[in-house]
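Okay, structure first, notes after.
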Amino acid sequence: MGSKSYPTVSDEYLAAVGKAKRKLRGLIAEKNCAPLMLRLAWHSAGTFDVSSRTGGPFGTMKNPGEQSHAANAGLDIAVRLLDPIKDQLPILSYADFYQLAGVVAVEVTGGPEVPFHPGRQ
């Protein structure tokens, strides 16, 4: 099996990822919202289909229409909690930002360090 390739992002983008990670750690610890952030990341990515290589985390959870699906009930709370941080980091895609929130949630709760590869649109 060959190695995976990931999108290339700028140094500015990587710096924004680092800043987001620090801010997310604070938010998640302060609000005790790790389960909610992990659920947001999971539901955002849950449409990926291995066979067709379609779906996946594209940041659509920011849209009220996506939030209104019954399976996504309550995720609007996560989006509202994250909005102030996302507003400070406009360079980050919503797709990366929501997945990063899930990664940080795992780490904040004592889970393993999760590899994060930015570059989602």
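Quick note: the coordinates plus some simple rules give every number you see, no bench work behind them. Since the structure is predicted, the reported quantities are computational estimates derived from the model, not experimental observations. Positions of Cβ are backbone-derived with ideal geometry, glycine not excepted, and every protein chain shown enters the neighbour counts.
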Q.
Largest first and in whole Å, what are the equivalent-ellipsoid semi-axes of the stretch 9-121 based on the Cα gyration tensor, each being the root of 5 times an eigenvalue?
A. 20, 17, 14
Q: Grab the DSSP H runs of the chain that are 4 residues or longer, score each as -39,500 (n - 2.57), total them, divide by all residues and round the 222 nm result to the nearest 500 deg cm²/dmol.
A: -17500 deg cm²/dmol
Q) Build a GNM of the chain with springs between Cα atoms under 10 Å: which of Ala15, Ala41, Ala105 gets the top mean-square fluctuation? A) Ala15
Q: Evaluate the charge dipole of the chain about its Cα centre and quote only its size in Debye, nearest 20, assuming +1 on the Cβ of each Lys and Arg and -1 on the Cβ of each Asp and Glu.
A: 100 debye
Q. Lysine pairs, Cα distance under 24 Å, 8 or more residues apart or cross-chain: how many in the chain?
A. 13
(Q) Suppose R0 equals 22 Å. What FRET efficiency, 1/(1 + (r/R0)^6) with r the Cβ-Cβ distance, do Ile91 and Val114 give to the nearest 0.05? (A) 0.55
Q: Please check which bits of the stretch 78-103 a label hung off Ala15 would reach, taking the label as a point 7 Å along Cα-to-C-beta and the cut-off as backbone N under 17 Å.
A: 88-93
Q | Taking Thr109, Thr60 and counting other C-beta atoms within 10 Å, the order from fewest to most | A | Thr109, Thr60
Q. Using a simple spin-label model with points 7 Å from Cα along the Cα→Cβ vector, what separation in nm is obtained for Asp76 and Gln121?
A. 2.8 nm
Q | Order of Ile28, Ile85, Ile77 - criterion: other Cβ atoms within 10 Å of each residue's Cβ, fewest first | A | Ile77, Ile85, Ile28
Q. Per Stokes-Einstein, at 37 °C and 0.692 mPa s, what whole-number D in µm² s⁻¹ belongs to the stretch 65-121, with the Kirkwood radius over Cα pairs as the hydrodynamic radius?
A. 261 µm²/s
(Q) Using Cβ contacts closer than 10 Å as the measure, can you line up Tyr13, Tyr98, Tyr6 from fewest to most? (A) Tyr6, Tyr13, Tyr98
